[in-house]
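Below is one structure, written out as structure tokens, with a few remarks after it.
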Amino acid sequence: MSGTAGDLKPVLARLAAGESLSEAEAEAAFGIIMAGEATPAQIAGMLMAMRVRRETVAELTGAVRAMRSRMNRVEAPEGAIDVCGTGGDGSGSLNVSTAVTFVLAGLGVPVAKHGNRALSSRTGGADVLTALGVNVEVPLPRLPAVLRAAHCAFLFAPRHHAALRHAAGPRVELGTRTIFNLVGPLANPAEVKRQLTGVFDPAWARPMVETLGNLGSTDVWLVHGQGLDELTTAGENKVVALSGGTVREFTVTAAEAGLDHAPVEAIRGGDATVNAAAMMALLQGAKSAYRDTVLLNAAAGLIVAGRAGSLREGVGLAAGSIDGGAALAALETLKRETAA
């Protein structure tokens, strides 16, 4: 990248001309932002120029590398998985990936769940966990032990990516999607190699998978279902998967997993108290469209984790985790291990 250290002006000139950045150039540019060496106007200009022209895989990869090099890391067991979404679907649904976390943990799959408070939804993962009695701000050095004991831990994004604070003001003032919405779920602080990630727009599924492939991920499902950043029982779901170094695209439905169809409205949520109550009922065995949605996503997570060979097999295992009490026990262990 030409120009002096900490100078985004050459980058902005190139972006204004419609050019794209190489991976190394993007990493350097985002490094300038995260070091606090760019002005709010420069940050906003760079983000919007990329958005209008459409961010490339090289730019996504460079941005994630810049984030990962500055994040507070967490040691995780071999085979750990992340289950998260980009947000931004505006659905206001019940918390699916957080519930999936406990279902997988109940089966012994270590889940290093990356998440935040509500940004585009009414209730984010941190909000519902707090309502359930989990301390989402447990001291960082304790997180590896929490993950080992409960087979799950919540990695609260702002604590792990403090360097992003320099872009917070421009992002709020822009009030629209930027590259940070795409790269956040790709910068897991535990550096997991396996991810089930939902995306608000299916057009971004393949670029995000290719980015994770560039960064060393081994097994990934990027999913989008009927406008949601997760798999849904409401209709066809798009999946872009990485496995064995190969990227595949396909669709899945609830019927393929042996689950009933239900409209998106059936999993509409509310505030943190409402969503927490629904999650407790789910973990205690209540039958609902919410349960089926969680089973479907948990089944996908088990495939990504290498614990199931098909969605039907995964649904059976996930149902056993709930009905046998293991998923609820994982939540109770997490609460105990994170207590102040």
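The values are calculated or read from the model by the stated rules, or taken from the named source; none is laboratory data. If you're wondering where the values come from, they're calculated on a predicted model, not measured in any experiment. Virtual Cβ from ideal backbone geometry, glycine too; neighbours counted across all protein chains shown.
What the table below lists for this structure:
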read-out: Options Ala76, Ala26; residue that is small (Gly, Ala, Ser), in a loop (DSSP other than H, G, I, E, B) and surrounded by 24 or more Cβ atoms within 10 Å (Cβ to Cβ); value: Ala76
read-out: Residues satisfying the stated conditions in region 205-257, i.e. in contact with a Phe, Trp or Tyr (Cβ under 8 Å, 6 or more places away or on another chain) and not in a strand (DSSP E or B); value: Asp229
read-out: Extreme residue, nearest to Val83 (Cα to Cα), among residues of region 252-305 that are among the polar types (S, T, N, Q), crowded, with 17+ Cβ neighbours inside 10 Å and in contact (Cβ under 8 Å) with a residue 60 or more places away in the chain; value: Asn297
read-out: Filter result (touching an Asp or Glu at 6+ places or on another chain (Cβ under 8 Å) and in a loop (DSSP other than H, G, I, E, B)) within region 38-73; value: Arg73
read-out: Residue check for Ala35: surrounded by fewer than 17 Cβ atoms within 10 Å (Cβ to Cβ) and over 30 Å from Ala150 (Cα atoms); value: yes
read-out: Which listed residue, of Asn214, Asn237, is in contact (Cβ under 8 Å) with a residue 60 or more places away in the chain and either buried (at least 20 other Cβ atoms within 10 Å of the Cβ) or not acidic (Asp, Glu) (or both); value: Asn214
read-out: Residue match in region 272-293 (condition: out of contact with any Cys (no Cβ under 6 Å at 6 or more places or on another chain), outside any helix (DSSP H, G or I) and under 24 Å from Lys193 (Cβ atoms)); value: no
read-out: Tally, over region 314-340, of residues that are crowded, with 18+ Cβ neighbours inside 10 Å and within 13 Å of Gly133 (Cβ to Cβ); value: 6
read-out: Residue selected from region 160-182 under the condition under 27 Å from Val239 (Cβ atoms) and touching a Ser or Thr at 6+ places or on another chain (Cβ under 8 Å), by the criterion modelled with the lowest pLDDT; value: Asn181
read-out: Subset of region 294-327 that is among the polar types (S, T, N, Q) and part of a helix (DSSP H, G or I) - its residue that is farthest from Phe250 (Cα to Cα); value: Ser321
read-out: Scan of region 178-229 for residues that are on the phi > 0 side of the Ramachandran plot and among the polar types (S, T, N, Q), ordered by number; value: Gln226
read-out: Yes/no for Ile43 being surrounded by 14 or more Cβ atoms within 10 Å (Cβ to Cβ) and either touching a residue at least 40 places away in the same chain (Cβ under 8 Å) or more than 24 Å from His160 (Cβ to Cβ) (or both); value: yes
read-out: Selection within region 133-152 - of a type in the set (A, V, I, L, M, F, W, C) and either at pLDDT below 95 or in contact with a Lys or Arg (Cβ under 7 Å, 6 or more places away or on another chain) (or both); value: Val134, Leu140, Cys152
read-out: Selection status of Gly227, within 22 Å of Arg307 (Cα to Cα), in contact (Cβ under 8 Å) with a residue 12 or more places away in the chain and surrounded by fewer than 21 Cβ atoms within 10 Å (Cβ to Cβ); value: no
read-out: In region 171-201, the residues that are polar (S, T, N, Q), part of a loop (DSSP other than H, G, I, E, B) and either without any contact (Cβ under 8 Å) to a residue 24 or more places away in the chain or surrounded by fewer than 23 Cβ atoms within 10 Å (Cβ to Cβ) (or both); value: Thr176, Thr178
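The rows are residues; the columns are (1) more than 29 Å from Gly79 (Cβ to Cβ); (2) at pLDDT 95 or above.
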residue	(1), (2)
His224	no, yes
Gly227	yes, no
Ala241	no, yes
Ala278	yes, yes
Leu282	no, yes
